[in-house]
Amino acid sequence: MDFNNLKFFNEIDCAITICDENFIIMYMNDKAKKTFEKYGNCIGKSLLNCHNENSVNLIKKMITNGEKNIYTISKDGIKKLIYQTPWYNNGKIAGLIEFSFEIPDNIQHFNRN
């Protein structure tokens, strides 16, 4: 996968981080880099080194079983939706991708039939 061609992700207002099947961070868009700037340049480093034991076990399970992990958090007064999912190459799990979206205080919700 050529991660150099993903520059259009810098125009999206969410943080995007992609790791390979060995948990090595292969790509971060500009917003993700800014979000995690206190850790320095994370490209080429293991995703597992940035997480506690419970999170590491969940990340490994996601890669092994092709599972998603979706949750909301509040950090520094900002609410976020975190959407983590495997990505595939030729039908085989090739790693994980995380989308982190800021949630406005009064988000609309619609029930559609």
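Summary of computed values
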| quantity | calculated |
| --- | --- |
| The range 80-92, subset crowded, with 16+ Cβ neighbours inside 10 Å and touching a helix residue (DSSP H, G or I) at 6+ places or on another chain (Cβ under 9 Å), residue nearest to C19 (Cα to Cα) | P86 |
| Residues satisfying the stated conditions in the range 61-82, i.e. within 18 Å of A94 (Cα to Cα) and in contact (Cβ under 8 Å) with a residue 12 or more places away in the chain | M62, I63, G66, E67, K68, N69 |
| Number of the exception - K7 against (1) at pLDDT below 85; (2) under 12 Å from the mean Cα position of the chain (by Cα); (3) charged (D, E, K, R) | (2) |
| Those residues of the range 30-45 which are farther than 18 Å from F99 by Cα and exposed (fewer than 15 other Cβ atoms within 10 Å of the Cβ), in sequence order | K38, Y39, G40, N41, G44 |
| Residue match in the range 58-79 (condition: at pLDDT below 90, exposed (fewer than 13 other Cβ atoms within 10 Å of the Cβ) and closer than 20 Å to Y27 by Cα) | no |
| Residues of the range 1-25 that turn out to be touching an Asp or Glu at 6+ places or on another chain (Cβ under 7 Å) and either without any contact (Cβ under 8 Å) to a residue 24 or more places away in the chain or surrounded by fewer than 18 Cβ atoms within 10 Å (Cβ to Cβ) (or both), as a count | 1 |
| Residue list for the range 10-23, filter: modelled with pLDDT under 90 and not hydrophobic (A, V, I, L, M, F, W, C) | N10, E11, D13 |
| Filter result for I73 (under 27 Å from I103 (Cβ atoms) and touching a Cys at 6+ places or on another chain (Cβ under 6 Å)) | no |
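The values are calculated or read from the model by the stated rules, or taken from the named source; none is laboratory data. Quick caveat, the model's predicted, so the values are computed rather than measured. As a convention, Cβ positions derive from the backbone with ideal geometry for all residues, glycine included, and neighbour counts pool all protein chains shown.
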